[in-house]
Amino acid sequence: MTDTAPSYALTRPAYVGHSHLAVTDLPTVSAYYQTMLGLKVLERTASGEVLGTEGRPFLTLTTGGDIRRAPRNAPGLFHTAFLMPDRTELARWLRHAAHNNVQLDGASDHIVSEAIYLSDPEGNGIEIYADRPHGEWTFHADGTVEMATNRLDLQALYDSAPADAWLGMADGTAIGHIHLQVGNIPEADRFYRDVLGLKIMAAYPGASFFATGGYHHHVAANIWNSRGAQARTDTMSGLSDYTLQFNDTAALEKAVARLDALEIKATRDDGVWSLKDPWGIGLKLAA
């Protein structure tokens with residue numbers, strides 16, 4: 001295991017610990033995450049693989065004969081966001097990407113973070129980002145955080161990278177947040193804020209950003225491609241489920257109590273609660 005101190009995002013009362021994607025072509029998608037993102041295969045199962053860094057498993061890929069590519073407007077994944085330990089590692093990854101002709105979808109300076117966007121071979125969105133120090137973020141009186149979508153100077157970031165060999169994702173890399181496509185925002189607010197207990201940290205037209213403990217967002221939800229979408233089916237490719245890991249067991253107990261009070265079906269296995277959000281996206285709650 002790594003001795004690297006965990007990122008601020010992972011020290012909050014709850015954080016995203018794991019993402020699970022269903023894919024139609026496991027070898028191709030896995031190879032992409034290994035070569036382009038530098039993840040390592042930590043475990044192989046009958047149906048898939050678990051990838052991560054030496055210190056942390058955080059992405060599961062599975063496949064099956066009945067998995068079919070989800071339409072672009074289906075609820076599910078907008079992107080899985082991989083959080084680098086620092087800006088130097090983000091720059092080092094960008095240098096690797098540039099030298100290997102990785103196709104980027106975009107890049108943004110969000111004030112609280114610097115982010116680069118791309119997609120895997122099956123269209124699953126990926127964000128590679130580094131946070132600015134928490135002490136530099138600007139918070140409003142209501143506790144929300146100042147965020148924006150400004151142009152990121154990729155050349156300056158590239159130029160700041162060390163000229164050493166890139167050896168894959170650094171220990172300390174983790175999933176910093178997960179961004180979802182949902183059917184409507186008020187319902188997302190009711191579920192993620194009122195049921196699970198996350199706080200709305202920012203709101204954009206057609207999107208809400210939720211977090212615990214003053215992070216900018218652990219979960220986001222938007223309707224930019226998926227307005228009015230109905231629930232996913234189990235045979236759709238894309239986000240099968242993800243895990244909210246609770247450092248604060250009292251927060252987990254409150255969330256489970258609300259699920260029970262609202263008669264939202266959840267099953268418990270070995271201390272992990274499994275359920276689905278209003279759009280059929282799988283969710284595990286663990287402590």
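The values are calculated or read from the model by the stated rules, or taken from the named source; none is laboratory data. Treat the numbers as computed from the prediction; the structure is a model and nothing was measured. Every residue, glycine among them, receives a Cβ derived from its backbone with ideal geometry; neighbour counts consider all protein chains shown.
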Exercise. Quick one: which of R68, R87 is farther than 20 Å from T173 by Cβ and either touching a strand residue (DSSP E or B) at 6+ places or on another chain (Cβ under 8 Å) or touching a residue at least 60 places away in the same chain (Cβ under 8 Å) (or both)?
Worked result: R68
Seminar exercise, completed: Taking the range 113-159 and keeping residues of a type in the set (G, A, S) and touching a Gly at 6+ places or on another chain (Cβ under 6 Å) leaves S119
Exercise. Since R193 meets every condition but one in (1) of a type in the set (D, E, K, R); (2) assigned to a helix (DSSP H, G or I); (3) at pLDDT below 95, which condition does it not meet?
Worked result: (3)
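Inspect all residues belonging to the range 139-146 and state whether any of them is within 22 Å of A170 (Cβ to Cβ), surrounded by 19 or more Cβ atoms within 10 Å (Cβ to Cβ) and β-branched (V, I, T).
Kept after step one, since they are within 22 Å of A170 (Cβ to Cβ), are these residues of the range 139-146: none.
The answer is no, given that none of the residues of the range 139-146 is within 22 Å of A170 (Cβ to Cβ), surrounded by 19 or more Cβ atoms within 10 Å (Cβ to Cβ) and β-branched (V, I, T).
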For this session: Output yes when any residue across the range 252-271 is crowded, with 21+ Cβ neighbours inside 10 Å, in contact with a strand residue (DSSP E or B) (Cβ under 7 Å, 6 or more places away or on another chain) and at positive phi, and no when none is.
Result: no
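To keep it simple, each residue is scored yes or no on (1) buried (at least 16 other Cβ atoms within 10 Å of the Cβ); (2) within 24 Å of T249 (Cβ to Cβ).
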site	(1), (2)
Y8	yes, yes
A14	yes, yes
H18	yes, yes
T45	no, no
L59	yes, no
I67	yes, no
R72	no, no
Problem set entry | Leading residue by the ranking (surrounded by the fewest Cβ atoms within 10 Å (Cβ to Cβ)) among those in the range 92-129 that are among the β-branched types (V, I, T) and more than 19 Å from T28 (Cα to Cα) | I111
Exercise. Restricting attention to the range 143-155, does a residue exist that is free of Cβ contacts under 8 Å to residues at least 12 places away in the same chain and among the aliphatic types (A, V, I, L, M)?
Worked result: no
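For the range 190-235, give me the residue count where each residue is of a type in the set (D, E, K, R) and under 20 Å from D131 (Cα atoms).
As a first pass, look at the range 190-235 and keep what is of a type in the set (D, E, K, R): 190, 193-194, 199, 227, 232, 234.
Right, trim to under 20 Å from D131 (Cα atoms) and you get 199.
Selection size over the range 190-235: 1.
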Exercise. Has the range 149-165 got any residue that is at pLDDT 95 or above, in a loop (DSSP other than H, G, I, E, B), of a type outside the set (S, T, N, Q) and more than 30 Å from Q34 (Cβ to Cβ)?
Worked result: no
For this session: Collect the residues in the range 110-148 that are over 21 Å from I178 (Cβ atoms), outside any loop (DSSP other than H, G, I, E, B) and in contact with an Asp or Glu (Cβ under 8 Å, 6 or more places away or on another chain), keeping them in residue-number order.
Result: F139
Seminar exercise, completed: All-but-one check, A188 against (1) surrounded by fewer than 19 Cβ atoms within 10 Å (Cβ to Cβ); (2) small (G, A, S); (3) not in a loop (DSSP other than H, G, I, E, B), failing number (1)
For this session: Hey, can you tell me all the residues within the range 175-207 that are touching a Lys or Arg at 6+ places or on another chain (Cβ under 8 Å) and either within 26 Å of N247 (Cα to Cα) or of a type in the set (V, I, T) (or both)?
Result: R193, D194, V195, L196, G197, K199, I200
Problem set entry | Enumeration of residues in the range 26-41 that are crowded, with 16+ Cβ neighbours inside 10 Å and touching a Pro at 6+ places or on another chain (Cβ under 8 Å) | V29, Y32
Exercise. Which number in (1) surrounded by fewer than 19 Cβ atoms within 10 Å (Cβ to Cβ); (2) in contact with a Phe, Trp or Tyr (Cβ under 9 Å, 6 or more places away or on another chain) marks the one condition that V219 misses?
Worked result: (1)
